[in-house]
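Just below is one structure, and these are the notes that go with it.
Laboratory data are not the source of any read-out in this text; all were calculated from the coordinates shown. All values reported here derive from a predicted model rather than from experimental measurement. FYI the Cβ positions are ideal-geometry reconstructions off the backbone, even for glycines, and counts take in every protein chain you see.
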Amino acid sequence: MVLAVRREVVCAVYAKPLGYTAVIWAIGMPTMPETSYNCLMDTTEHEPFIRQCYELAQQAVAQGDHPFGAVLVKDGQVLLTAVNTIFSQRDITRHAEMNLVSQACRLLDGETLAQCTLYTSTEPCAMCTGAIFWAGIPTIVYGCDAVALGNIATGRFVVPSRELLARATRPTTVIGPVLPEEGCALHLAYWPLRYGQSLAE
Ligand SMILES: [Zn+2]
């Protein structure tokens with residue numbers, strides 16, 4: 001339990017004025033026995049895909065939707081991309097990950113989905129985390145984490161995906177945050193200017 005608290009502190013640190021180094025100094029280096037926890041691991045291999053998600057998130061803003069994007073990757077190749085379309089499609093369920101999972105289920109078989117990684121600009125919400133799980137996609141990599149988004153956008157339903165997936169019988173690997181400063185900058189450039197006190201996704 002103590003370890004879990006430390007994880008949250010470290011994962012959320014970039015939203016604070018302190019840096020990773022300062023927080024590690026304050027609480028001690030956390031041990032990381034579980035494969036899904038990687039806040040301090042080398043995430044270089046994931047960065048190009050997270051950057052693509054950030055570009056997609058900016059495209060979503062350009063078309064009048066919220067700043068979220070996602071890509072589906074297999075063997076290092078991007079198979080599908082999606083953006084948030086909640087306004088352009090007048091459908092609140094059209095989060096980027098939901099759009100991606102819907103496409104993926106229509107176009108790919110279960111065996112292929114089981115070898116894919118879903119990259120997303122921001123840690124998926126409870127709805128999208130459920131959809132990713134039910135699609136059988138075994139790995140999620142996110143940029144900005146849900147707590148950071150909640151802090152910026154006054155989120156009202158913040159559920160870290162690891163907490164939700166911990167209740168599932170089939171394991172899903174969750175990796176992130178990856179390039180969180182860029183993800184936070186994207187949200188900071190959007191929510192306060194657009195809404196002031198706003199609702200995230
Ligand atoms: Zn969502």
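A few points about this structure:
- Alpha-carbon spread of the range 75-175, three principal axes, descending order, Å: 38, 33, 22
- Point-to-point label distance, F157-A185, nm (Cα→Cβ direction, 7 Å offset): 3.1 nm
- The magnitude of the dipole of the range 79-167, with charges of +1 and -1 set on the Cβ of Lys/Arg and Asp/Glu and taken from the Cα centre, is near 240 debye.
- Its Cα gyration tensor gives the range 141-192 an equivalent ellipsoid; the semi-axes, largest first and in whole Å, are 23, 14, 5.
- Subtracting the Cα-Cα distance of Q115 and T93 from 0.36 nm times their residue separation leaves 5.4 nm of extension gain.
- Quarter of the Cα convex hull surface for the range 92-139, i.e. its orientation-mean projected area (nm²): 3.0 nm²
- Virtual paramagnetic centre 7 Å along Cα→Cβ of R194, amide N under 20 Å, in the range 54-73: 54-71
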